[in-house]
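**Student:** I'd like to ask you about the structure that follows.
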């Protein structure tokens, strides 16, 4: 694999949205109703979200490529759910097209993001993972993230629980 990462700009919105939508539908499709999946994970909603983010300049979005093929989306930005100190940033997204799950693409991509995060002076990274998403949680734990006691309960067509992870970098 030849993994490269590029900071996303306005010309990348369609690609960001497509990768994020497809990977979310694959990851969460069996956990939610079809109506919820299409409403929250559909391409149109992703296009609107990435358009706003790129226009605003926050959070920072990156595309991951294998050779010239876009295969993943990485995003980090301000904490969305809890107050944090100025040395903490939230990893919002680590999403890859299903064919790249478990193939070794995520580790160099996260390594790259951590280098970028450190260069901006952050020392702690937090993230939220759905309690039921054991595959993602295993990846984060293997990478060195520790589960905290912070929990976020939400309604997403049904009750869900997110657990917070953290790592010092």
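Quick note: the coordinates plus some simple rules give every number you see, no bench work behind them. The structure presented is a predicted model; accordingly, all values stated were derived computationally and were not measured. So basically every Cβ, Gly included, is an ideal-geometry build from the backbone, and we count neighbours across all protein chains shown.
**Student:** Students often check this: by mean Cβ neighbours within 10 Å, which of 85-98, 41-54 ranks highest, and how do the rest follow?
**Tutor:** Output ranking for 85-98, 41-54: 85-98, 41-54.
**Student:** Let me ask something else about it. Do the sum for the chain: with -39,500 (n - 2.57) for every DSSP H run of n ≥ 4, divided by all residues, what is the mean residue ellipticity at 222 nm, to the nearest 500 deg cm²/dmol?
**Tutor:** Calculated from helices alone, the mean residue ellipticity at 222 nm is -11500 deg cm²/dmol.
**Student:** Now for a different question. With a ≥ b ≥ c the root eigenvalues of the C-alpha gyration tensor of the range 1-56, is it rounded (a/c under 1.5), prolate (a/b larger than b/c) or oblate?
**Tutor:** Here the range 1-56 falls in the oblate category.
**Student:** Shape of the range 3-168 from its Cα gyration tensor (a ≥ b ≥ c, root eigenvalues): rounded if a/c is under 1.5, otherwise prolate when a/b > b/c, or oblate?
**Tutor:** In terms of gyration-tensor shape, rounded.
**Student:** With labels modelled as points extended 7 Å from the Cα through the Cβ direction, what inter-label distance (nm, one decimal) is found for residue 169 paired with residue 120?
**Tutor:** Result: 0.9 nm between the two label points.
**Student:** Run the numbers on the range 52-169 and let me know its relative contact order in percent, using alpha-carbon pairs under 8 Å that are six or more apart.
**Tutor:** This gives 19 percent for the range 52-169.
**Student:** Among 1-9, 104-112, what's the highest-first ranking by average C-beta atoms within 10 angstrom per residue?
**Tutor:** Descending mean neighbour count gives 104-112, 1-9.
**Student:** For a test of the definition: using alpha carbon positions, the gyration tensor, and the 1.5 limit on a/c, classify the range 92-169 as rounded, prolate or oblate.
**Tutor:** It comes out oblate by the Cα gyration axes.
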